[in-house]
Amino acid sequence: MATEQDRTWTVDTEPRDKSIDDIDLHEIRGQPVVKFVTAFLIGAVFFLVPVPYNGELTVPFDIVVSTITGTFPNAVGVYALSIIVAGGVLTTLATIGDGEFAGYDLSYFETSTAFWLLRVAGIVVAPLMFFKLGPGWLHTPGTGGLMWGTLVYSVGVIIPIGAVFITIFVELGGLEFVGTLARPIMRPLFKIPGRAALDSLASWVGSYSVGLYVTRNVFEQGGYNKRDVFTIATCFSTVSIGFVGVVAATLDILQLFPVVFGAYFLCVIITAAILVRVPPISTTPQEYITEPDPETAFSGSLSEYVRLALSEAVQKADEGESFLEAAKRGFVDGLKLTMLILGTILTVGLAATLLSANTPIFDILGKPLTPVIAALGIPNAETVAPATIVGITEMYVPVLLVTETALKAKFFIAVLAVSQLIFFSSVGPMTMDMFSDVPIRFRDLVAMFVMRTIILIPLIAGMTHAAAALGLLG
């Protein structure tokens, strides 16, 4: 029920499971079926179907993003600079005008004082990065170069382009179809709706940025409550399959990619199943920010789930907008979201990478872990230990620290770095800014990083020794 004080809604009781005979299935007619299938195929091909490109297999989404950022870097830089400045200015105007300015509704850009300051700081930092002003250490490949030329450019392009195809997929039945089929797994194991499988899938094959965009979209439509969002954002905003390949290639273990990815996949599942059952996730209120739209409670056979999934997907496609309208709305929503978060990502991420590169803080924090790593049988413990901590700044930094270590150490860090998920060069500030109404706070993310790392260290150590015993690391 709605509470006027904080404008949230709750679902008071869990409805009983319905059987297929209790549900009025939507009429399967030609036009909406074609609409759904076309939208589904467009999304599936763009994000999922591997194609050969430059001597390797990748997906069309990665090709489009890489082509844009690689072919037009100056144009992307101007675009990123403009987006960051616009986000800071609009946030300032929204703050001054209490969500409105000169007759325009700017409530979308309202935020806390802390994030307003971070977006304003982005206005200052972005020109320094774009024009390469200031001291040289600001622009080294591991700090400013990484943040501006790689992360900011990629996120700035990924979100609006991904939003176009994700919106077509989601608004024309894809979410209902995937979500319904995934319910028997997602709800019992992870305590989240089946539709959350799409958010995770978007992260696996595209980018955590796209996955978080899906989460925000469904949250605003009443499909998720605050606990669902907390779970998805911190446990399923995964590193893409492509980036796992980049990590493996950097460590010269690309031949072990299937083993690395398999271990990573298991780590994500195991940590999520544990962490959803303990604070801070388990104590997050199950409140909605708009009228709730929970999934239909249902229990049935596999064929009945398929029938229900198709019915709900076709109904959504039948009632949904046209392809062009969905694409336009997705692109606009993607641009608005990019304005919201890009300045924060740049400011916080640059600070995190500079801290990692120029201070001994992570060496100091990692030192107590050296005997633990050694006791677990991982070689080069004195190098691996700080690498287990520094991942909170940027997921790629731990990988760079262990390029000269033994094979077991490389495998251990490769899996750990991509499984920790929470890092403050991008995911951390993006999550806090996008979901300030949950709220997901800095201390919560640090706690989640620590808990994930505590679970992952012995888990991945065991996987490392198992892989070695099976001859997979030879």
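The values are calculated or read from the model by the stated rules, or taken from the named source; none is laboratory data. Note that the coordinates shown come from a computational prediction; the quantities given were computed from them, not determined experimentally. Methodologically, a virtual Cβ is constructed for each residue, glycine included, from the backbone with ideal geometry; neighbour enumeration extends over all protein chains shown. Heavy atoms of the whole protein, side chains included, go into the accessibility calculation; ligands, DNA and RNA do not. Shrake-Rupley method; radii C 1.70, N 1.55, O 1.52, S 1.80 Å.
Residue 283 to residue 220: FRET efficiency via 1/(1 + (r/R0)^6), r the Cβ-Cβ distance, R0 22 Å, to the nearest 0.05?
Working: r = 23 Å, r/R0 = 1.05.
Rounded to the nearest 0.05, the efficiency is 0.40.
Hey, can you find the accessible area per residue of segment 125-176 for me, probe 1.4 Å, expressed in square angstrom?
Values: 1660 Å² over 52 residues.
Ligands and nucleic acids excluded, the result is 32 Å² per residue.
Which order do the peptides 143-156, 410-423, 115-128, 30-43 take when ranked by the mean count of other beta-carbon atoms within 10 Å per residue, highest first? Can you show the working numbers first?
Details: 143-156: 22.2, 410-423: 27.1, 115-128: 20.1, 30-43: 17.3.
Top of the packing list down: 410-423, 143-156, 115-128, 30-43.
Within segment 329-411, list the GluC sites (Glu not before Pro) lying in a DSSP loop whose Cβ has at most 10 other Cβ atoms in a 10 Å radius.
Numbers: sites: 382, 394, 404; in loops: 394, 404.
Taking segment 329-411 and a limit of 10 other Cβ atoms within 10 Å, the loop GluC sites (Glu not before Pro) found are 404.
Can you give me the solvent accessible area of residue 322 with a 1.4 Å probe, rounded to the nearest 10 Å²?
Around 50 Å² of this residue is reachable by solvent.
Assuming R0 = 41 Å, can you tell me the calculated FRET efficiency for the pair residue 96 and residue 56, based on Cβ-Cβ distance, to the nearest 0.05?
That gives a FRET efficiency of 0.25.
For the pair residue 472 and residue 363, what calculated FRET efficiency results from E = 1/(1 + (r/R0)^6), where r is the Cβ-Cβ distance and R0 = 25 Å, to the nearest 0.05?
Details: r = 31 Å, r/R0 = 1.25.
That gives a FRET efficiency of 0.20.
Using the alpha-carbon centroid of each, what span in Å lies between segment 140-202 and segment 77-92?
Here the answer is 23 Å between Cα centres.
With +1 on each Lys and Arg Cβ and -1 on each Asp and Glu Cβ, how big is the dipole of the chain about its Cα centre, in debye rounded to the nearest 20?
Its charge dipole is roughly 1360 debye.
What does the accessible area per residue of segment 241-362 come to in Å², with a 1.4 Å probe and no ligands, DNA or RNA counted? It would help to have the intermediate numbers written out before the result.
Values: 5230 Å² over 122 residues.
Ligands and nucleic acids excluded, the result is 43 Å² per residue.
Return the distance in nm (one decimal) between the two label points of a simple spin-label model at residue 19 and residue 273, each offset 7 Å from Cα along Cα→Cβ.
With each label point 7 Å from Cα toward Cβ, the separation is 3.1 nm.
When Lys and Arg each count +1 and Asp and Glu each count -1, what net charge do the other residues less than 9 Å away from residue 191, Cβ to Cβ, add up to?
Working: positive: 187, 227, 277; negative: 228.
Overall, the nearby charge balance is +2.
Treating only the Cβ atoms of Lys and Arg (+1) and Asp and Glu (-1) as charged, compute the dipole magnitude of segment 50-172 about its Cα centre; round to the nearest 20 debye. Let's see the in-between values first.
Working: 2 positive and 7 negative charges, 95 e Å.
So the dipole magnitude of segment 50-172 works out to roughly 460 debye.
Within the chain, what whole-number % of the accessible surface is contributed by carbon and sulfur, with the 1.4 Å probe and all protein chains included in the calculation?
Working: 12960 of 20050 Å².
Of all accessible area on the chain, carbon and sulfur atoms account for 65 percent.
I'd like to check one number: the per residue accessible area of segment 53-108, probe 1.4 Å, reported in Å² as a whole number. Working shown, then result.
Details: 3100 Å² over 56 residues.
It amounts to 55 Å² per residue over segment 53-108.
Any idea how far apart residue 132 and residue 447 come out in nm if each label point goes 7 Å out from Cα toward Cβ?
The modelled label-to-label distance comes out at 4.5 nm.
Toward the positive end of the charge dipole of the chain, about the Cα centre and with charges on Cβ (Lys, Arg +1; Asp, Glu -1), which of 109, 282, 165 goes farthest?
It is 282, whose Cα lies furthest towards the positive end.
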